[in-house]
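Novice: Take a look at this one; I'll ask things after.
The values are calculated or read from the model by the stated rules, or taken from the named source; none is laboratory data. This is a predicted model, so every value here is computed, not measured. Here Cβ is always computed from backbone atoms with ideal geometry, including for glycine, and neighbour counts include all displayed protein chains.
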Amino acid sequence: MSKVKSIVIEPEEAQHVNPDELGRILHLPYNPGGQMSTQALALKKLGVNTSFCSYPSSSKYKYPTDIPSPLIQYPLFKKEGAMLQFCKKNINHYDLFHFHGGQTFTEYAYKDLPFLKYHQKKMVMNFWGSEVRRLSIAKRNNPFAVAKMTDENLIISRLELLSNYFDTAIVPDHELLEYVYGYFKKIYIIRISVDHSKFTPFYPSVQKGKPVVIHAPSDRRLKGTEHIHKAVQQLKNSIDFEYVLIENMSNAQALEYYKKADIVIDQLQLGIYATFAIESMLLGKPVIAYIRDDLKQKYPPDLPILSASPHTIEQTLYHLLINPKLRYELGVKSRQYALKHHTAQRIARQLVTVYKHKIHS
């Protein structure tokens, strides 16, 4: 059950950063989509004394690491003890703990929380998606909604427990807000962060005769890959284009296709856009993704993503395939949008605002 009337805030970017005022900050224990490391590294560039630790010691995406995982070389039955020991080792070394993915020092066991509360530590929780998304809520405004977690009682019990220790949460968009509203006194909406310096634009060529369409599903069911394949097969009967499914490729191989792409299809089920769409926009690509009608007004008005559902993907893709000039124009607008709203520096300055409020509360 919801307990409080949440105050929802889209924080301003801090114009002045005083590292001494913020103290030492630790991000942990999970790095979804590279968000934890991207945030922490951008904070470091601002001079903030920030460290980060991801418990999973390896990733196919090769995200950077800062503090080595405390779980390396421990068998499964000793990992909880190692987590608690890591907590006790660091509790006095940091002034604020920024947790990610609904997990704390002891992941979902939360055995560290009484200890942290006793020591009156400042904490914020950053939710990212599947750990809180409930299908019963998602279906209210999205007939195509899917969710990874099916045990909604487990999600609710975790939120209720966390609400006893956290009064501040962060979510990347208004869709995620729906699942955590009422559990935390303050909920900040801080968008996904991407290091734009890693992305050089490769805008679609107006002269290209055979456009390239790519789709890179991290999870076929969540991304609506089946519907995309059906639309592609139908359109190939009348239009000459190349379709590339980015799966089981090296990063180098995938990057070459990203560069060549004229159209990127992200997802058709969730009603939002996320990291892959932003990275594609930074590359100067027009992006197709399903954006819920009721959420469109919650995004900045210059959002260039073409919204398509499982019912409209064929029509939307057709429209882009036959309009090379539109592909180029959307590619330019896409990069401008991502640079304006999703750069790591912008997000880091918003986080500084959150930390300032938290430290002085």
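Novice: Before we move on, is GLN233 of a type outside the set (D, E, K, R), loosely packed, with under 12 Cβ neighbours inside 10 Å and touching a residue at least 40 places away in the same chain (Cβ under 8 Å)?
Specialist: Answer is no for this residue.
Novice: Also, I was wondering about something else. Determine if region 249-257 includes at least one residue that is under 29 Å from ASN141 (Cβ atoms) and surrounded by 16 or more Cβ atoms within 10 Å (Cβ to Cβ).
Specialist: Taking every residue of region 249-257 in turn, none turns out to be under 29 Å from ASN141 (Cβ atoms) and surrounded by 16 or more Cβ atoms within 10 Å (Cβ to Cβ).
Novice: While we're on this one: Would you kindly identify the helices (runs of 4 or more DSSP H) lying entirely within region 272-361 that contain at least 3 residues that are under 25 Å from VAL206 (Cα atoms)?
Specialist: 275-282, 313-321, 324-341
Novice: Working only within region 11-40, note down all residues that are hydroxyl-bearing (Ser, Thr, Tyr) and at pLDDT below 95.
Specialist: Passing the criteria: only TYR30.
Novice: Within region 86-101, which residues are outside any helix (DSSP H, G or I) and touching a strand residue (DSSP E or B) at 6+ places or on another chain (Cβ under 7 Å)?
Specialist: Within region 86-101, HIS93, TYR94, ASP95, LEU96, PHE97, HIS98, PHE99, HIS100 meet the criteria.
Novice: Restricting to region 145-183, and then to whatever is within 20 Å of the chain's Cα centre (by Cα) and in a loop (DSSP other than H, G, I, E, B), can you tell me which residue is nearest to ARG292 (Cα to Cα)?
Specialist: Only one residue fits best here, namely ALA145.
Novice: Out of all the residues in region 108-144, which are under 20 Å from the mean Cα position of the chain (by Cα), over 30 Å from PRO310 (Cβ atoms) and surrounded by fewer than 18 Cβ atoms within 10 Å (Cβ to Cβ)?
Specialist: The one that is under 20 Å from the mean Cα position of the chain (by Cα), over 30 Å from PRO310 (Cβ atoms) and surrounded by fewer than 18 Cβ atoms within 10 Å (Cβ to Cβ): TYR108.
Novice: Out of everything in region 58-99 that is in contact (Cβ under 8 Å) with a residue 24 or more places away in the chain and of a type in the set (Ser, Thr, Tyr), what residue ends up being surrounded by the fewest Cβ atoms within 10 Å (Cβ to Cβ)?
Specialist: TYR61
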